[in-house]
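The values are calculated or read from the model by the stated rules, or taken from the named source; none is laboratory data. What you are looking at is a predicted structure, and each value in this text was computed from that prediction instead of being measured. Every residue, glycine among them, receives a Cβ derived from its backbone with ideal geometry; neighbour counts consider all protein chains shown.
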Amino acid sequence: MLSKFIEYIKKNKYLILIAAGVILRLIWVFAMPTYPETDFMWYHVKGVELSQGKGFLYGFYPYYTGIPGMPTAFRPIGYPGTLAVLYFIFGSSFFGIEFMVAKLFNIVLSTLIMFLTYKLANQFFGKKIAFITLLIYALSPLAITYNSIICSELLFSAILMLSIYLYFNKNNPFVIGLLIGYLTLIRPIGVFIPAIFVLYEFIKKDVNLKKKIKYIVSFAVSVALVITPWIVRNYLAFGEFVFSTNGGYVFYVNNNDYAIGSWSDPFKYPDSPMLKYKTDEGGFDEMAVNKYGKELAKQWIKDNPKRFIELAFLRIANSYWYKTDDIMWSLTTDINEWHPITSKAKKLEKLLYRPFYIVLFIFILYALIRFIRKRKIDFTTFILLIFLYFNAMMFVLEGNSRYVFPLHPIYSIGVAFIMFSILKFLFPKKFSET
């Protein structure tokens, strides 16, 4: 039995790398007592309250304790609802360590991500590129440290990778639709991601139009089955059909005279028009801010098209270059308190991930030229569509490295491809086979 296991491991060496990645993540979450702050405290508290049957309630910084009778739709229910299920079954602590259930769930998600990332890379680019891909992601400091944050990024990434894997293998439109519907409820930035799958299905060359339409209809129906209860709930709670009240808030924050290409506090702008929606307790009327924010941002863009374009490119630059400091959220030790190594960790992130993103952009340029010249519709094209979608969202909304991180698994495949291509060019004999 043991000899068969050893033989299996020898044939599947990538499992050793996945095991190493899991061990590093376990060491990190038990060694670093990351305390949830801002968005992460919100996720945790909403998950706890849902698990206790209190409902999905509005609460404000720093602890976001729900106010009875005040529903919220500031973020979709996907991640807090998932936490609620875990908290209902296991509680939120593990061996008396608070927040540990959510962190261990992150490790489960990370393991799934590593496995699927390797499988996809191997399927489309071969074992050597797949191994490089897994090496990059399994040992990535960000991919390790994010496991101690109670965040939606890892769940979003895991469901996205699972959806992509199943799409390129089983491709059942109903199952894919259910997963993508769930994905849109995890992070608001994913609200239009079903369009990527619809577009890719439509431009495929090996399927006739009738089958494409049938697939797209089945896919759309299953997405709607997941999203509709949430939309109906919001209509009953607020009297309007709304997906997230966060949209107008983010839209305004990043499109106004004081916008900086990343998050800033709209209530601290000079003579802020949002102050009238601020409550005495410290919160704000999220529905009113959502509506008014959309109106103000649209008008501002019309009046300031040049500045909008400048900010749009600044948002992209912030996401990949200037504001690559999201590792700091794994180093919070209390509200507005940070571990002493935080500044060094932020420098390390910039040192490691700026080159990563440079290589990524080389791959995207390669994929774009390849698509234009050869009209190739394959997995490389799909990565290109993913990249274009998320960057289009950041172009309009917010520059944030946390929007980029969930895409690191699929981006690592592109980076590994470029790295392998360079190695193959430099050492053709050693890297002649993929």
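Cβ-Cβ distance below 6 Å, separation of 6 or more or different chains: which pairs start in segment 15-32 with a residue that is within 10 Å of ILE144 (Cα to Cα) and end on one that is at pLDDT 95 or above and of a type in the set (Lys, Arg)?
Taking only residues 6 or more apart or on different chains, the pairs are VAL29/LYS103.
State the number of residues belonging to segment 16-59 that are farther than 24 Å from VAL289 by Cα, surrounded by fewer than 17 Cβ atoms within 10 Å (Cβ to Cβ) and among the polar types (S, T, N, Q).
Qualifying residue count, segment 16-59: 1.
Spot the failing condition for LYS127; the list is (1) surrounded by fewer than 16 Cβ atoms within 10 Å (Cβ to Cβ); (2) farther than 26 Å from ARG25 by Cα, and only one is missed.
(2)
State all residues of segment 412-434 that are within 16 Å of LYS127 (Cα to Cα), part of a helix (DSSP H, G or I) and not β-branched (Val, Ile, Thr); if no residue qualifies, say none.
Matches in segment 412-434: SER412, GLY414, ALA416, PHE417, MET419, PHE420, SER421, LEU423, LYS424.
Looking only at segment 162-191, filter to residues that are β-branched (Val, Ile, Thr) and farther than 23 Å from ASN400 by Cα; which one of those is nearest to the chain's Cα centre (by Cα)?
ILE164
Note down all Cβ pairs under 9 Å where the first residue falls in segment 331-342 and is over 17 Å from PHE30 (Cβ atoms), the second is of a type outside the set (Val, Ile, Thr) and not in a loop (DSSP other than H, G, I, E, B), and they're at least six residues apart or on different chains.
ILE335/MET41; TRP338/MET328; THR342/MET328
Can you name every residue in segment 193-223 that is under 20 Å from ILE383 (Cα atoms), not in a helix (DSSP H, G or I) and not aliphatic (A, V, I, L, M)?
Residues satisfying the conditions are LYS204, LYS205, ASP206.
Having 2 or more residues that are at negative phi, modelled with pLDDT under 95 and not small (Gly, Ala, Ser) is the bar; report the helices (runs of 4 or more DSSP H) wholly within segment 312-411 that clear it.
Result: 342-374.
Just to be sure, is SER93 over 23 Å from ILE386 (Cβ atoms), of a type in the set (Ser, Thr, Tyr) and at pLDDT below 95?
For SER93, the condition - over 23 Å from ILE386 (Cβ atoms), of a type in the set (Ser, Thr, Tyr) and at pLDDT below 95 - is met.
Considering each residue of segment 340-352, count those that are out of contact with any helix residue (DSSP H, G or I) (no Cβ under 7 Å at 6 or more places or on another chain) and surrounded by 17 or more Cβ atoms within 10 Å (Cβ to Cβ), and give that number.
0
Name every residue in segment 280-296 that is in contact (Cβ under 8 Å) with a residue 12 or more places away in the chain and either under 24 Å from the mean Cα position of the chain (by Cα) or not in a helix (DSSP H, G or I) (or both), in order of residue number.
Matches in segment 280-296: GLU281, GLY282, GLY283, PHE284, GLU286, ASN290, GLY293, LYS294.
Are any residues in segment 232-244 surrounded by fewer than 16 Cβ atoms within 10 Å (Cβ to Cβ) and either in contact (Cβ under 8 Å) with a residue 40 or more places away in the chain or not in a loop (DSSP other than H, G, I, E, B) (or both), and if so, which ones?
Hits for segment 232-244 are VAL232, ARG233, TYR235, LEU236, GLU240.
Give ILE77, ILE150, ILE144, ILE89 a once-over and let me know the one that is farther than 23 Å from GLY55 by Cα and either among the β-branched types (Val, Ile, Thr) or in contact with a Ser or Thr (Cβ under 7 Å, 6 or more places away or on another chain) (or both).
ILE144
Report the residue count in segment 65-99 for those that are within 24 Å of VAL226 (Cα to Cα) and touching a residue at least 40 places away in the same chain (Cβ under 8 Å).
13
What is the number of the single condition among (1) under 22 Å from TRP329 (Cα atoms); (2) free of Cβ contacts under 8 Å to residues at least 40 places away in the same chain that ALA102 does not meet?
Looking at each condition in turn, ALA102 falls short on (2).
Would you be able to tell me the number of residues in segment 162-192 that are over 26 Å from VAL250 (Cα atoms) and assigned to a helix (DSSP H, G or I)?
12
List every residue pair whose Cβ atoms sit under 7 Å apart, with the two residues 6 or more apart in sequence or on different chains, where the first one lies in segment 365-376 and is closer than 21 Å to TYR411 by Cβ and without any contact (Cβ under 8 Å) to a residue 12 or more places away in the chain and the second, anywhere, is polar (S, T, N, Q) and surrounded by 10 or more Cβ atoms within 10 Å (Cβ to Cβ).
Every condition considered, the pairs that remain are ARG370/THR380.
Hey, any hits in segment 94-105 for a residue that's of a type in the set (Asp, Glu) and buried (at least 23 other Cβ atoms within 10 Å of the Cβ)?
Within segment 94-105 (the criterion being of a type in the set (Asp, Glu) and buried (at least 23 other Cβ atoms within 10 Å of the Cβ)), the answer is no, since none of the residues qualifies.
Could you tell me how many of the residues in segment 144-165 are among the polar types (S, T, N, Q) and closer than 26 Å to PHE124 by Cα?
2
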